[in-house]
1. Put +1 on the Cβ of every Lys and Arg and -1 on every Asp and Glu Cβ in segment 1-78; which of Ser61, Cys72, Gly46 then has its Cα farthest towards the positive end of the dipole?
2. Kindly point out, ordered by number, any Cys in the chain whose beta-carbon has no other cysteine beta-carbon under 4.7 Å away.
3. Scale the Cα Rg of segment 103-236 by the rule-of-thumb value 2.2 N^0.38 Å and send over the ratio, two decimals.
4. Suppose the chain between Glu182 and Asp86 were pulled fully straight at 0.36 nm per residue; how much longer would it get relative to their current alpha carbon spacing?
5. Give me the net charge for the shell around Arg217: Cβ to Cβ below 12 angstrom, other residues only, Lys and Arg +1, Asp and Glu -1.
6. Per residue, what accessible area does segment 44-90 have, given a 1.4 Å probe and all protein chains present, in Å²?
7. What is the set of long-range amide H partners of Ile145 at a cut-off below 5 Å, with H atoms built 1.01 Å from backbone N?
8. At a 1.4 Å probe, what is the % contribution of carbon and sulfur to the accessible area of segment 96-180?
Amino acid sequence: MDTLYLAAICAFASGINRAVLPQLVERLGSARAVFEADAAALKSTGLVTESVINKFISHRSSNLPKKIARFCKQNNVKLVSYADADYPNCLKQIANPPLVLYVKGKLPAADYSIAIVGSRLCTEYGRRAATYFSEQLARCGIPIISGGARGIDTAAHKACLAAGGQTVAVLGCGLDIVYPEENGRLYTEIVAQGGAVITEYAPGVLPFNYNFPARNRIIVGLSQGVLVAEAAKRSGAIITANLAADAGREVYCVPGNIFDRTSIGCHELIRTGAKLIDKPEHILEDKASWELAQHERIFQPSIFNFNYLEQEEKSTSNIVTTKLGAQLLALLQGGALSLEALTEKSGADFASVGMELLELQGAGLIAQNQAQQYYRR
């Protein structure tokens, strides 16, 4: 029930910073309490300005949670919030993860997925590249994430389905709107074959241009690497690749024709550090390395070694001896955060937070990703 109220808040409260919403929920006790709060209660939190409060109250519709619930029930859509156990853990590691997802179908259970993106107005070469990689990776059991758009996205989704794989389409509009119009059957097939069509946008939200850069961060968050099959110099695929690099994800680019403008974007990404890729084995090798690194991070003691549990408890209690250290670990429980974000959320000074983070790193309790964000180990 509380997820419905959180979804309702996200649907209309454009004036409230999404990063502040979890704090509001914590201060007032629940998303429902935030949704139903009067001006005095909202002001007492100290998290929102008077103008934002007035806008929040004037735009609020008491029937909105029921409307969202009705839509989800009628269309077999599941609402997943950032606080739910089945919220994708990898999505928590990006900056500004979505607070609510509308999910039609089933999100991948696999830990490793690849996003394939590229130009809407792609060439036959780009379409063939997207088809080739998507098909081969899907046959290896790797879910394919993309944005459901015309061109490269559609080719990647279709090739994955043809190979019997699982694919996820992340939309930049509400699930009640089929965009592009010709992909209605594709979305149905994605769900029927065990994949999902998802969005953070409420029913009725149109595919406005400014929705898609935000949509792209979800594509990045659901994947461990982003493959750009073909992209012009200025395109959404380049935005996605840059978001991936910032989030510590691998960026792969297919080289193209030097005389074709739809290859310029990929070539620039390659020059600035993206991996040139011309066969699926390159990604499979990285996947093996990634899995090995994950395995090495997880120490599994014998189930009969009860002394280990006592030692670990003593060790942890000895390491976290400060109130600030415990607070930082609690903040990182919700996902990766930058030094600046941790400083702001903890209320401590920059130097103290920095020193405490060094102590926690040295103790092996936290680590940094390539985006210079800290996360729990």
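The values are calculated or read from the model by the stated rules, or taken from the named source; none is laboratory data. The shown structure was predicted, so the numbers you read here are calculated from the model rather than taken from an experiment. Reconstructed Cβ throughout: ideal geometry from the backbone, glycine too, with neighbour counts over all protein chains shown. Surface accessibility is based on the protein's heavy atoms, side chains included, excluding ligands, DNA and RNA. Shrake-Rupley method; radii C 1.70, N 1.55, O 1.52, S 1.80 Å.
1. Cys72
2. Within the chain, the cysteines lacking a partner Cβ under 4.7 Å are Cys10, Cys72, Cys90, Cys122, Cys140, Cys160, Cys173.
3. Computed over Cα atoms of segment 103-236, the ratio equals 0.93.
4. Net length gain for the segment: 31.5 nm.
5. Every neighbour counted, the sum reads +1.
6. Heavy-atom SASA per residue in segment 44-90 reads 63 Å².
7. Distant-sequence amide H within range of Ile145: Ile114, Ala115, Ile116, Val168.
8. About 49 percent, which is the carbon plus sulfur part of the accessible surface.
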